[in-house]
Amino acid sequence: MPPRQVREPTLAYDADPARKSGHRDRMRQRLLEGGADGFHDYELLEYCLALAIPRQDVKPLAKELLAQFGDLPTVVAASPGELMRVKGVGETVAAALKFVEALSVRQLQRKALDRPVLASFDAVTDYLHARLAHELTEEFRVLFLDNRNHLIRDEKFGEGTVNQAPAYPREIVKRAMELQASAVILVHNHPAGDPTPSRDDVQLTRLIADAARPLGIALHDHLVIARTGHKSLRAEGLI
């Protein structure tokens, strides 16, 4: 039998559709006339949820999601399974939130990577932070660059446990040669929240740099992304 779908609960607020409609109309006008700065996080989330389940009051659900996950970026970055463990969240809501995340990451990706990477490094770190900072397990990515430091490819090379992501120097160098890349930037996240590079991070970086150097492939940096910020191994003097 297929798994039972979670249904969003019907709340008392449904009994007054005119009031509900008026509330959302006022929210829409506030956004269109004044932008998002005047909104609380729960209000932004509430309006997104209302697009997915328009016939009920979703303010309590918005507040419950924020209470469960801690903040708005973590709600949006949560997996569908994690979201659907919250009472009232079904596939419709989970999919809506994952579309919001995909839009945000795609917009930041275009802004960051359509220009020479080293000339727009703040935009690059913004994109990487949006993509990786709230992941619950480590993920290792490699940005492959051409000789003008334009992005050729952004690829995932490993996904690990809460504190380990496998990355293999020979595979990364082989892929760089296949793409005719002149340089790489290594990226991974620390789910625990502290971006400080570990001893293993430093050792792996040096192994990859040593494997790439004889083939004329430069290792520009290794970035560690976390909820609290990021660290550059080059800026820290570790490369």
Point to revise | Debye, to nearest 20: dipole size of region 12-104, +1 on Lys, Arg Cβ, -1 on Asp, Glu Cβ | key: 240
Review point. Non-local amide H neighbours of Gly158 (under 5 Å, H modeled in plane, Pro and chain starts lacking H): which ones?
Key: Phe140
Revision key, fill the gap. The orientation-averaged projected area of the Cα convex hull of the chain, in nm², is 15.9
Review point. What translational D, rounded to a whole number of µm²/s, comes out for region 21-74 from Stokes-Einstein when the hydrodynamic radius is the Kirkwood one over Cα pairs, at 20 °C and 1.002 mPa s?
Key: 186
Practice item. Would you mind calculating the relative contact order of the chain from Cα pairs under 8 angstrom and at least 6 residues apart, reporting the percent as a whole number? Key: 14
Study note, to complete from the structure: Going residue by residue through region 193-201, the Karplus relation 6.51 cos²θ - 1.76 cosθ + 1.60 with θ = phi - 60° gives ³J(HN,Hα) values, rounded to whole Hz and with x marking Gly or Pro, of x, 9, x, 4, x, 8, 4, 5, 4
Check your understanding: How would you classify region 12-104 from its alpha-carbon gyration tensor, with a ≥ b ≥ c the square roots of the eigenvalues: rounded for a/c under 1.5, else prolate if a/b is greater than b/c, otherwise oblate?
Key -> oblate
**Study point:** Between region 161-209 and region 72-107, the alpha-carbon center distance in angstrom
**Key:** 28
Review point. Can you run phi through the Karplus equation (6.51, -1.76, 1.60; θ = phi - 60°) for region 54-67 and list ³J(HN,Hα) in whole Hz, with x for Gly and Pro?
Key: x, 9, 8, 6, 10, 4, x, 5, 4, 5, 5, 4, 5, 5
Revision key, fill the gap. Whole-Hz Karplus couplings 3J(HN,Hα) for region 211-219, θ = phi - 60° and coefficients 6.51, -1.76, 1.60, Gly and Pro as x, run 6, 7, 4, x, 9, x, 9, 8, 9
Review point. Of all trypsin sites (Lys or Arg not before Pro) in region 56-154, which ones are in loop regions per DSSP and have a Cβ with at most 16 other Cβ atoms within 10 Å?
Key: Arg85, Lys87, Arg148
Review point. Mind checking the angle between helix 121-132 and the chain's longest principal axis? C-alpha axes, 0 to 90 degrees, to the nearest 10.
Key: 60
Practice item. Return the distance in nm (one decimal) between the two label points of a simple spin-label model at Glu82 and Leu44, each offset 7 Å from Cα along Cα→Cβ. Key: 1.8
Point to revise | Hits among aspartates and glutamates - C-alpha to C-alpha of Lys59 under 14 Å, sequence gap 8 or more where chains match | key: Glu8, Asp14, Asp41, Glu43, Glu46
Point to revise | Ellipsoid semi-axes in whole angstrom, largest first, where each is sqrt(5λ) of the Cα gyration tensor of region 131-232 | key: 23, 13, 12
Point to revise | Highest-MSF residue in the chain out of Ala67, Ala102, Ala123 [GNM, Cα springs under 10 Å] | key: Ala67
Point to revise | Cα-centred dipole magnitude for the chain, charges only on beta-carbon of K, R (+1) and D, E (-1), debye, nearest 20 | key: 360
Check your understanding: What residue among Leu215, Thr137, Pro197 has its Cα farthest toward the positive end of the dipole of region 134-239, where the charges are +1 on Lys, Arg and -1 on Asp, Glu, each on the Cβ?
Key -> Leu215
**Study point:** Extension gain from Gln29 to Asp200, taking 0.36 nm per residue of separation minus the Cα-Cα distance
**Key:** 56.4 nm
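Where a number appears in this text, it was derived from the coordinates with a stated rule and is not lab data. Note that the structure is predicted; figures quoted are calculated from it, not measured. Glycine also receives a Cβ, built like all others from the backbone with ideal geometry; neighbour counts cover every protein chain displayed.
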